[in-house]
Amino acid sequence: MSEHRRAGRVLVNAPAIVESIGQSAMSLHPNLAAVYRRVDADASTVGKRFPAVVRDLSTNGAFISGGPLPLLARVAVRFEVKGIGPIDAVGWVLWQRTDDCELPNATADGGEVNKTLPKGFGVLFESIPLETRAAIAALAK
C-alpha cells in the first residue's frame, strides 16, 4: 500500500485516556444566526471516558486503537510519547474502523502475509501545543 498522507507519521504504542467532550454552545446575534452554519460535534457519547492506545501519530492527528466513537465526536486525548513527554490534545473523530481487518500483502518472494489493522478511529487535532507539534515533526523525520 502506498502512503498518501501529507504529514509524516510516527509509529507508537502509547497508552491513552480518551474522553468524548462535545463542544460549547454558541450564542449568535440573530442576523449572524440566520446565515451561519457549522458542523456540530456528535453528542451521543459526551462524558464517555475509556482507555485506548495511540498507534500512530503525526503533527495533524493520530490513529487510536480502541472502542469506536461516532464520526464527528469531539475528544480529549491524554498520552505520553518517549522523547516528547505527556501530550494533551483535543480533536475530532474523522474516520473509524469498527472491527479488526485483515489485508493480504504480497511479499518480495511472491508469497503473501496478512496484515491486521486494529479497530479504532482517526483523530484530527484541533488543539495541541505548538512545541508538541514541533517535537512530533522532529520524531517523524
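The values are calculated or read from the model by the stated rules, or taken from the named source; none is laboratory data. Note that the coordinates shown come from a computational prediction; the quantities given were computed from them, not determined experimentally. Counting neighbours? That spans all protein chains shown, and the Cβs are built from the backbone with ideal geometry, glycine included.
Is one or more of the residues making up segment 30-51 among the hydrophobic types (A, V, I, L, M, F, W, C), assigned to a strand (DSSP E or B) and within 22 Å of Ala134 (Cα to Cα)? The answer is no; no qualifying residue exists.
Conditions tested, residue by residue: (1) within 14 Å of the chain's Cα centre (by Cα); (2) under 14 Å from Phe125 (Cα atoms); (3) surrounded by 11 or more Cβ atoms within 10 Å (Cβ to Cβ); (4) in contact (Cβ under 8 Å) with a residue 60 or more places away in the chain.
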residue: Ala14; (1), (2), (3), (4): yes, no, yes, yes
residue: Val35; (1), (2), (3), (4): no, no, no, no
residue: Ala43; (1), (2), (3), (4): no, no, yes, no
residue: Lys48; (1), (2), (3), (4): no, no, yes, no
residue: Val77; (1), (2), (3), (4): yes, yes, yes, yes
residue: Glu80; (1), (2), (3), (4): no, no, yes, yes
residue: Val93; (1), (2), (3), (4): yes, yes, yes, no
residue: Arg97; (1), (2), (3), (4): yes, no, yes, no
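In this structure, does Thr107 turn out to be within 29 Å of Glu131 (Cα to Cα) and polar (S, T, N, Q)? No, not satisfied.
Suppose we filter Leu57, Leu124, Leu71, Leu117 for residues that are out of contact with any Ser or Thr (no Cβ under 8 Å at 6 or more places or on another chain), at pLDDT 95 or above, more than 18 Å from Gly8 (Cβ to Cβ) and surrounded by 12 or more Cβ atoms within 10 Å (Cβ to Cβ); which single one remains? None of the others qualify; the one that does is Leu71.
Any residue that is part of a helix (DSSP H, G or I) and either free of Cβ contacts under 8 Å to residues at least 40 places away in the same chain or among the basic types (Lys, Arg) (or both) - is there at least one of those in segment 123-130? Yes: segment 123-130 contains one or more residues that are part of a helix (DSSP H, G or I) and either free of Cβ contacts under 8 Å to residues at least 40 places away in the same chain or among the basic types (Lys, Arg) (or both).
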